[in-house]
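Structure first, commentary second.
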Amino acid sequence: MVDFGGWDLPVHYGSQLEEHHAVRRSAGLFDVSHMGVIDLRGARVRDFLRQLLANDVARLTTPGKALYSCMLREDGGILDDLIVYFLDPQWFRVVVNAGTRTRDLAWIRQQAQVFEVSVSARDDLAMLAVQGPEARARLAALLPSAGSAAALGLDVFVGAAIGELFVARTGYTGEDGFEIMLPAAAAAPLWTRLNERGVQSCGLGARDTLRLEAGMNLYGGDMDESRQPLESGLAWTVAFEPRERAFTGRAALEAVRERGSARALTGLLLEDRAIMRSHQRVITAAGDGEITSGSFAPTLGRSVALARLPAAAAVAGTAVQVEVRGKLLPARVVRPPFVRHGKVLV
């Protein structure tokens with residue numbers, strides 16, 4: 001057990017390696033109740049979120065649809081990355097990171113006042129993630145019969161209310177799966193029932209190697225307040241159109257886009273037998289870079305990393321060197337993800 005954003009969380013329940021493979025091959029279960037669930041309500045809530053977020057919630061027109069976005073400072077620095085769900089015209093739900101939860105709440109409440117939007121932290125809810133190629137079948141068997149078919153038909157980034165559960169087809173592993181928001185008292189019984197159906201309990205260790213293989217950023221490592229989305233592999237989450245939408249941080253990002261970002265986040269595949277770790281130096285012909293996340297990748301059987309490199313070096317196929325324990329080891333730039341839906345892509 002370790003401290004994680006003020007929560008006691010398990011690194012593993014026995015074998016981190018077994019938990020990782022369970023998600024890639026069958027189904028795994030994560031307690032992600034440390035994530036912050038925040039409900040936003042008001043007649044102008046959509047207008048508020050169109051200013052608050054770099055991505056554009058105007059794209060969300062069907063109840064249950066969701067969007068991944070960054071929340072920025074005026075200088076473009078990333079305050080947090082989050083998922084926002086459209087529930088009805090006056091009700092949106094956002095899910096933020098545990099380590100930034102308190103700061104996020106203060107920032108959102110401050111910005112919401114002008115729009116007369118109410119901000120409610122849903123501390124009464126727990127959140128479980130069921131991930132893996134068999135997640136759909138094993139979860140559906142436990143859902144109320146009226147909702148099972150609906151849950152099975154969910155598209156990517158869509159949520160649906162099923163009884164007292166809010167089931168969303170989102171996740172952080174690169175596999176099919178669901179994240180379930182439910183009353184806190186109902187979490188442990190559902191966990192036990194999922195275990196009984198062969199869904200393996202998984203901890204933080206497997207969650208990290210899975211998300212890294214999937215090329216997904218970790219807040220506080222691959223991005224933070226000092227970094228903007230265009231140098232963090234997140235340009236796809238910034239909606240510059242329509243031009244009249246004045247979201248927070250827009251002017252700063254437009255300036256970066258105009259001159260070009262000096263650095264870019266990309267993937268590395270180590271050619272040697274060692275393990276890359278965060279903050280290790282990466283030597284390229286265009287200058288030094290730094291690993292932001294690195295680990296042994298169980299699905300590949302070798303080490304992978306995300307690294308922020310000079311933009312000229314962040315090109316797939318480029319040969320670089322990584323300083324590992326005083327030795328310079330060869331690595332190759334690759335475009336993440338490394339693994340998606342169980343398939344090795346590099």
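The values are calculated or read from the model by the stated rules, or taken from the named source; none is laboratory data. What you are looking at is a predicted structure, and each value in this text was computed from that prediction instead of being measured. With ideal geometry, Cβ positions are generated from the backbone for all residues, glycine too; neighbour counts draw on all protein chains shown.
Among the residues here, Asp80 does not qualify as of a type in the set (Asp, Glu), under 19 Å from Met181 (Cβ atoms) and more than 17 Å from the chain's Cα centre (by Cα). Among the residues here, Asp80 does not qualify as among the acidic types (Asp, Glu) and over 28 Å from Cys202 (Cβ atoms). In region 255-278, of all residues being hydroxyl-bearing (Ser, Thr, Tyr) and in contact with a helix residue (DSSP H, G or I) (Cβ under 9 Å, 6 or more places away or on another chain), the one that is nearest to Ser232 (Cα to Cα) corresponds to Thr266. The set of residues in region 194-241 that are surrounded by fewer than 23 Cβ atoms within 10 Å (Cβ to Cβ), more than 15 Å from the chain's Cα centre (by Cα) and assigned to a loop (DSSP other than H, G, I, E, B) comprises Arg197, Gly198, Gly203, Glu225, Ser226, Arg227, Ala239, Phe240, Glu241. Can you tell me which residues in region 261-280 are within 25 Å of the chain's Cα centre (by Cα) and of a type outside the set (A, V, I, L, M)? Listed by number, the residues that qualify are Ser261, Arg263, Thr266, Gly267, Arg277, Ser278, His279, Gln280. Whether a residue is crowded, with 23+ Cβ neighbours inside 10 Å, of a type in the set (Gly, Ala, Ser) and touching a helix residue (DSSP H, G or I) at 6+ places or on another chain (Cβ under 9 Å) was assessed, and Ala112 does not pass this test. If you check Phe247 against the conditions, is it touching a helix residue (DSSP H, G or I) at 6+ places or on another chain (Cβ under 9 Å), in a loop (DSSP other than H, G, I, E, B), of a type in the set (A, V, I, L, M, F, W, C) and free of Cβ contacts under 8 Å to residues at least 60 places away in the same chain? Spelling it out, it is not the case that Phe247 is touching a helix residue (DSSP H, G or I) at 6+ places or on another chain (Cβ under 9 Å), in a loop (DSSP other than H, G, I, E, B), of a type in the set (A, V, I, L, M, F, W, C) and free of Cβ contacts under 8 Å to residues at least 60 places away in the same chain. For Thr292, indicate whether it is touching a residue at least 24 places away in the same chain (Cβ under 8 Å), closer than 16 Å to Ala214 by Cβ, hydroxyl-bearing (Ser, Thr, Tyr) and surrounded by 13 or more Cβ atoms within 10 Å (Cβ to Cβ). Considered against the rule, which asks whether it is touching a residue at least 24 places away in the same chain (Cβ under 8 Å), closer than 16 Å to Ala214 by Cβ, hydroxyl-bearing (Ser, Thr, Tyr) and surrounded by 13 or more Cβ atoms within 10 Å (Cβ to Cβ), Thr292 comes out as yes. Restricting the search to strands (runs of 3 or more DSSP E) fully inside region 262-346 and requiring at least 3 residues that are aromatic (Phe, Trp, Tyr), modelled with pLDDT of 95 or more and at negative phi gives an empty result. Taking the criterion of being part of a strand (DSSP E or B) and modelled with pLDDT of 95 or more, would at least one residue in region 104-115 satisfy it? No: zero hits.
The set of residues from region 157-192 being small (Gly, Ala, Ser), over 12 Å from Val130 (Cβ atoms) and modelled with pLDDT of 90 or more comprises Gly174, Ala184, Ala185, Ala186, Ala187, Ala188. Considering only residues in region 298-333 that are among the β-branched types (Val, Ile, Thr) and crowded, with 18+ Cβ neighbours inside 10 Å, the one that is farthest from Ile283 (Cα to Cα) turns out to be Thr299. Among the residues here, Ala286 qualifies as outside the structural domain of His20 (by TED's automatic domain parsing), touching a helix residue (DSSP H, G or I) at 6+ places or on another chain (Cβ under 9 Å) and of a type in the set (Gly, Ala, Ser).
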